[in-house]
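First the structure, in the form of C-alpha cells, and then the observations on it.
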Amino acid sequence: MDFSLSEDQQMLQQAAREFAQNELVDRAVVADRDEVFVADSVRMCAEMGFLGMAVPEAHGGSELGALGSSLVLIELNKACASTGTTISVHNSLACESIARFGNDEQQARYLPRLASGEMLGAYALSEAGSGSDAGSLVCKATQDGEDWILDGTKLWISHGSVCDLVVVFARTDADARTRGITAFVIESAWDGYKSGKQELKMGLRGSPTVELHLDGVRVPAANVLGEVNKGFGIAMSLLDGGRIGIASQGIGIAEACLEASIKYAGEREQFGKPLAAFGAIQEKIAEMATRVDAAKLLTWRAAWLKDAGEPHGREASMAKLEASRAANYGAKEAVQIHGGAGYTRDFPVERYFRDARVTEIYEGTTEIQKLVIARSYLRA
Ligand code: COS
C-alpha cells in the first residue's frame, strides 16, 4: 500500500492551492457578505480547467478522475466553499451524468460546452415532499408524441438561477415509485423553465439555492438520459460520486479551520504566553488534525475505488459522514480558539462555521449516510 500522491497529483494540488489562495479568498468574503453568486471565481475555475474535471479529454475535459477532482475540490473549498459547491455539483452531478449515462450524441452536444464553462450544469432531484425520501418525487413527465412535457417544482437547487443546463428527475410512472422515475437533460433557456424563490441561507451565500419551476417544459426524446423509468438508479449512482465531492468540501473547510487556528494560537498571547502553549488548545489542535486526516483517508479511498471502476457507495457515504463531521467539529473548535474574535466577521472562522453546517445535510444527510452504510452490511 502506497499513501503518497504521484508527482502529477502533487503538481495539480499545488496549482489548485496557489490559484485558490490567490484568487478565491478575498472574493469569498465579498460573496458571503453581499450574498451574490461567485461568478468571477467560477469563470476563473473554468480557465483552470476545473469545470471539465469529470469530462473525458476527447470532449475537451481535463479528465482528472475522482481522486484528482478531490485534490482540487479540497483546495477550492479551503478558500471558498461557495465556489467549491458550484464546482462540485457542476462536475460530479451534471457533467458526470452525461459522461456516464449520456449517448454519443448527448456527449458530443453538451460535454465540450460544460467542460469549457460555456455552460454551467445543475442537478434537480429534491422537491418539497421528497428530500431524504428521494424516491417519492412527484414532478411529472408526460409523453406527447416524440417529446416529453415536464411539470412540477424542484427545491434546493444549487445555482439553478444561473445555470444553463439541469439534469432533472421526473416521474414517468405514477405507480412504480423508484422504478417510475426518468432523468432528463434540460436547458434553462427553454420555455417553461423558471427559477423561483432564492433561499436566504446560513452559509454558502455565494452559491444561490433556488426553487425551480417547470411549467410545461417540452423536452425532446433526444434529451432523455439513459432509459425511461431507470432514472432513480442514475440519481443514486451520481450521488455516490457527489458525496466524494462534498466529503472533499468538508476536508477543505476543516483544513482551513485547522490552519486558521494554528496561526491564531501562535499569535495570540494570554497569561504571558501564546495560546499554543496551553494544553487545552493543543488538545483541540490534535483532535482537529486527526479528524482531517481520517476524513482524507476515507475520501481518497472512496475516490480511488471509483477511479478503479469498483463499487464505492458505502465508502463514499463513510467519507461524507466523517468529513462533514470533521468540518463541523473543526469549525466549532476554530471559533472557540479564536474566542470573541472568532464570533466576529474580522476572522474567516465565523464563515467556516456557517458554511460547514450544510455538509451534514445536503447530498444526503448524516442520517442517510448511516442508513446507506448500515444497509450495505445488513442488506436490510
Ligand atoms: N447506485 C445505483 N442504484 C442504486 C443505488 C446506488 N447507490 N442506491 C439504490 N439504488 C437502486 C436500488 O438498487 C434499487 O433498484 P431496483 O429498483 O432495481 O431494485 C432502487 O435504486 C431503489 O433503491 P432503494 O429501495 O434502496 O430506495 P429507497 O427509496 O429506500 O431510498 C435512499 C434509498 C434513502 C438511500 C435514497 O433515497 C437516498 O439516497 N436518499 C437521499 C437523497 C439525497 O441525497 N438527496 C440530496 C439530493 S442533492 S442536495
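The values are calculated or read from the model by the stated rules, or taken from the named source; none is laboratory data. All of these numbers come straight from a predicted model, not from anything done at the bench. As a convention, Cβ positions derive from the backbone with ideal geometry for all residues, glycine included, and neighbour counts pool all protein chains shown.
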Flag if A108 is part of a helix (DSSP H, G or I), outside the structural domain of W304 (by TED's automatic domain parsing) and surrounded by fewer than 24 Cβ atoms within 10 Å (Cβ to Cβ): yes
Hits in the stretch 30-40 (condition: part of a loop (DSSP other than H, G, I, E, B) and either surrounded by 22 or more Cβ atoms within 10 Å (Cβ to Cβ) or outside the structural domain of T85 (by TED's automatic domain parsing) (or both)): V38
Unmet criterion (only one of (1) within 30 Å of G65 (Cβ to Cβ); (2) within 16 Å of the ligand (Cβ to nearest atom); (3) acidic (D, E)) for E199: (1)
Breaking point among (1) in a helix (DSSP H, G or I); (2) surrounded by 21 or more Cβ atoms within 10 Å (Cβ to Cβ), for I373: (2)
Subset of the stretch 162-178 (residues that are within 23 Å of the chain's Cα centre (by Cα), part of a loop (DSSP other than H, G, I, E, B) and within 16 Å of the ligand (Cβ to nearest atom)): C163
Yes/no for K320 being surrounded by 15 or more Cβ atoms within 10 Å (Cβ to Cβ), out of contact with any Pro (no Cβ under 8 Å at 6 or more places or on another chain), among the basic types (K, R) and without any contact (Cβ under 8 Å) to a residue 60 or more places away in the chain: no
Some residue of the stretch 237-251 being more than 16 Å from the ligand (Cβ to nearest atom), closer than 22 Å to K332 by Cα and either buried (at least 21 other Cβ atoms within 10 Å of the Cβ) or at pLDDT below 95 (or both): yes
Among the residues listed as Y329, Y343, Y352, the single one being of a type in the set (F, W, Y), surrounded by 23 or more Cβ atoms within 10 Å (Cβ to Cβ) and within 28 Å of F278 (Cα to Cα): Y352
Among (1) under 14 Å from A124 (Cα atoms); (2) surrounded by fewer than 24 Cβ atoms within 10 Å (Cβ to Cβ); (3) in contact (Cβ under 8 Å) with a residue 24 or more places away in the chain; (4) away from the ligand (no atom under 16 Å from the Cβ) - the single one V224 does not satisfy: (1)
Test: residue in the stretch 140-161 that is within 13 Å of the ligand (Cβ to nearest atom), within 21 Å of E227 (Cα to Cα) and within 17 Å of the chain's Cα centre (by Cα): no
Matching residues in the stretch 179-192 - criterion: being among the hydrophobic types (A, V, I, L, M, F, W, C) and either surrounded by 18 or more Cβ atoms within 10 Å (Cβ to Cβ) or within 14 Å of the ligand (Cβ to nearest atom) (or both): I181, A183, F184, V185, I186
Tabulated pairs, the stretch 41-55, first in the same structural domain as N91 (by TED's automatic domain parsing), second among the hydroxyl-bearing types (S, T, Y), C-beta under 6 angstrom, 6+ apart or interchain: S41/T83; V42/T86; G49/S62; G52/S62; M53/S62; M53/S69
Residue check for A256: modelled with pLDDT of 95 or more, away from the ligand (no atom under 16 Å from the Cβ), outside the structural domain of G152 (by TED's automatic domain parsing) and buried (at least 16 other Cβ atoms within 10 Å of the Cβ): yes
